[in-house]
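S.K.: Below you'll find the structure I mean.
Quick note: the coordinates plus some simple rules give every number you see, no bench work behind them. The structure displayed is predicted, hence computed values, not measured ones. Cβ atoms come from the backbone with ideal geometry, glycine included; neighbour counts cover every protein chain shown.
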Amino acid sequence: MISDKKNISLLADIFVKSGLENIVISPGSRNAPIVLSFANNPKINAFSIIDERSAAFFALGISLHTKKTTAIACTSGSAALNYAPAIAEAYYQKIPLLIITADRPKYLIDIGDGQTIKQKNVFKNYIKKSYELPENLDSPKRFEKAEEIINKALEHCLYPEPGPVHINIPFDEPIYGITKEKISGRYFESTINKAKKDDENSIKIIADELNKSSKVMIIAGQNQPNEKLNSTLTSLAKHNNITILSETTSNIQNPLFIDTIDNIISTITDEDALDFKPEILVTYGGQVVSKMIKKYLRKMKPKLHWHISHSGQNMDTYQCSTKPIGIDPEIFFKTLLQNLNPSKSNYSKIWSKKKTVTTNLKNEYLDKIAYCDLKLIDFILHNITDGTTIHLGNSTPVRYSQLFGSRANITYQSNRGVSGIDGQVSTALGYSYFSNKSNIIITGDLGFLYDSNSLMNYYLVPNLKIIVINNQGGGIFRYIPGPDTTPNLEKFFETKHSWNAKYICKAFDVDYNQISANDDFRSKVLSFLNRQTDKTSLLEVHTPNEKNAMVLREYFKYLQNGADYSCNDK
């Protein structure tokens with residue numbers, strides 16, 4: 001049995017024919033036709049999650065893991081607005097989401113009817129496309145129009161790069177009618193240019209520029225694991241004139257890569273800044289966590305900068321863009337490698353030397369300091385089992401992880417499209433649900449508490465472990481310059497509190513564990529990481545909030561002082 005509303009039944013039919021199968025639905029009444037047509041289709045996995053904000057991030061996590069479009073559906077009114085944070089994240093992180101919102105008919109808008117807002121184009125700044133299905137498919141022309149809209153919406157979710165697409169659907173009453181009549185629509189292959197490819201000649205021109213340069217820098221932004229791309233970049237990194245900077249969320253790994261950017265940039269003095277400055281910059285992928293590299297390159301601008309992406313988007317992070325290149329990064333770097341000739345240079349060597357020096361200093365410093373966030377996160381990251389997916393919460397966990405480099409056989413995920421604290425746990429849950437491997441999310445106390453509705457969820461899985469680092473507030477605001485100079489630090493920036501996760505876990509049947517500042521954190525962390533459970537488990541680790549910021553400031557001073565000495569010691 002499906003809804004007797006032909007527009008939504010047609011959407012469900014084409015949804016299945018396109019190879020999609022997952023939808024996350026939040027309860028309501030106006031979206032009853034969506035429930036009837038999707039939840040009763042045996043070829044569709046329909047998830048029911050109450051909180052729309054959490055539901056959308058859960059769907060985002062599903063899409064991240066399955067690499068397919070996931071649909072989200074809700075009732076009319078403010079329910080749709082709760083999707084906005086996840087939609088913005090999907091837009092900037094390039095994750096495919098199909099947003100289906102139930103609406104009142106046009107004649108009921110703005111006349112005081114309940115649960116009614118202006119929903120058409122409501123997400124216009126953060127979606128690739130927005131459509132509205134005809135309410136009645138009472139003629140062949142309207143039916144064909146609806147088919148066209150649905151197909152366009154589905155293809156725009158993926159091409160030329162993934163992202164969110166919105167379909168608004170007005171439903172007039174009655175809305176609970178059902179029928180046995182099957183609605184069948186046409187699914188046609190994408191007509192969109194799937195990859196805007198610059199020809200090989202363009203890449204050869206770029207290769208010629210790289211061959212003439214002694215200082216080439218490649219920066220990998222946020223990206224999903226890609227073995228072929230990793231291998232090609234490893235070959236490029238063997239060229240003396242090329243250095244490759246990466247982050248944990250870049251998901252590439254090789255000892256040749258500079259994967260501790262902030263450690264190195266923090267030690268570059270005015271005297272040696274020109275030695276490290278690239279002449280040519282090539283970038284790919286999404287957002288970069290490091291503020292230090294952004295500041296450095298915006299000041300020390302390279303002569304040429306090409307950003308590589310499927311769509312040819314001009315993501316001018318470093319404010320020195322020459323030209324965006326519309327091609328798959330894997331294809332670009334493979335073709336580039338074939339056209340490069342080794343250039344005499346010591347550019348990669350000076351970056352490598354800095355990495356060695358700062359890594360040794362980092363290890364020295366960690367041995368000296370007492371228990372704090374820095375020591376704790378280092379221990380956690382180095383004791384997580386191979387094959388695990390680590391979900392890094394904003395804002396301090398993902399920043400701390402960049403100080404320790406990337407591990408082979410580990411996948412790193414983080415909501416760095418917009419970098420908000422909302423939806424971190426929900427995203428990890430959606431990802432973990434379809435994963436047969438270990439998943440661990442490391443998040444701060446505010447990030448967890450803000451997303452605690454993520455646990456109000458029927459789909460909690462034992463392969464997800466949650467680590468909450470509770471330093472009684474937003475620790476980042478004690479570190480970044482500014483908040484600590486105001487009288488409002490504790491109440492309005494840090495939002496100091498004495499809350500914990502114990503009773504939240506009890507309410508939702510999550511296995512709860514904790515570590516206090518006086519406990520042996522090493523043995524308890526190892527016990528938690530290695531414990532087998534039959535449900536989602538959480539470890540709350542309490543750390544000294546005032547000490548954390550001081551330790552981190554002193555960390556960078558230690559690197560600067562030690563690097564100056566070590567690098568000048570001939």
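S.K.: Once R0 is set to 56 Å, what does the formula 1/(1 + (r/R0)^6) return for the Cβ-Cβ distance between N561 and D509, expressed as a FRET efficiency to the nearest 0.05?
M.R.: The calculated FRET efficiency here is 0.65.
S.K.: Taking Cα pairs under 8 Å and at least six residues apart, what relative contact order does the chain come out at, in percent? Don't skip to the end; give the middle numbers.
M.R.: Values: 1186 pairs, mean separation 76.6, N = 570.
RCO, the chain: 13 percent.
S.K.: A follow-up question, please. Among V461, V525, what is the fewest-to-most ranking by other Cβ atoms within 10 Å?
M.R.: The order, fewest Cβ neighbours first, is V461, V525.
S.K.: How much length is gained on full extension from I350 to M550, taking 0.36 nm per residue of separation minus their Cα-Cα distance?
M.R.: 69.0 nm
S.K.: Can I ask one more? Obtain the nm distance between the two label points defined at E271 and K67 by a simple spin-label model: each point lies 7 Å from its Cα along the Cα-to-C-beta direction.
M.R.: 4.9 nm
S.K.: What FRET efficiency do you get for R186 and K228 if R0 is 30 Å and r is their Cβ-Cβ distance, rounded to the nearest 0.05?
M.R.: 0.30
S.K.: At 7 Å along Cα-to-Cβ for each site, give me the label-to-label distance between M456 and Q115 in nm.
M.R.: 1.6 nm
S.K.: With the cut-off at 1.5 for a/c, could you classify the range 160-284 from its C-alpha gyration tensor as rounded, prolate or oblate?
M.R.: Judged from the Cα gyration tensor, the range 160-284 comes out prolate (a/c at least 1.5, a/b above b/c).
S.K.: Related question: Would any residue of the range 388-407 have its amide N under 20 Å from a label point 7 Å out along Cα→Cβ of T533? List them or say none.
M.R.: Residues passing the 20 Å test: 388-393.
S.K.: N314 versus K437, label points 7 Å from Cα toward the beta carbon: distance in nm?
M.R.: Roughly 3.8 nm, to one decimal.
S.K.: In addition: Note the full-extension length gain between D386 and K238 as 0.36 nm times their separation in residues minus their Cα-Cα distance, in nm to one decimal. Mind showing how you got there, number by number?
M.R.: Values: separation 148, 0.36 × 148 = 53.28 nm, distance 2.63 nm.
Contour length minus the Cα-Cα distance gives 50.7 nm.
S.K.: At 222 nm, what helix-only mean residue ellipticity would the chain give, in deg cm²/dmol to the nearest 500, using -39500 (n - 2.57) for each DSSP H run of four or more?
M.R.: After summing the helix terms and dividing by the residues of the chain, the value is -11000 deg cm²/dmol.
S.K.: Could you tell me which of rounded, prolate or oblate describes the range 6-133, using a ≥ b ≥ c as the square roots of the eigenvalues of the alpha-carbon gyration tensor, with rounded for a/c under 1.5 and, failing that, prolate when a/b is larger than b/c and oblate otherwise?
M.R.: oblate
S.K.: R0 = 35 Å: FRET efficiency of A408 with N518, Cβ-based, nearest 0.05?
M.R.: 0.50
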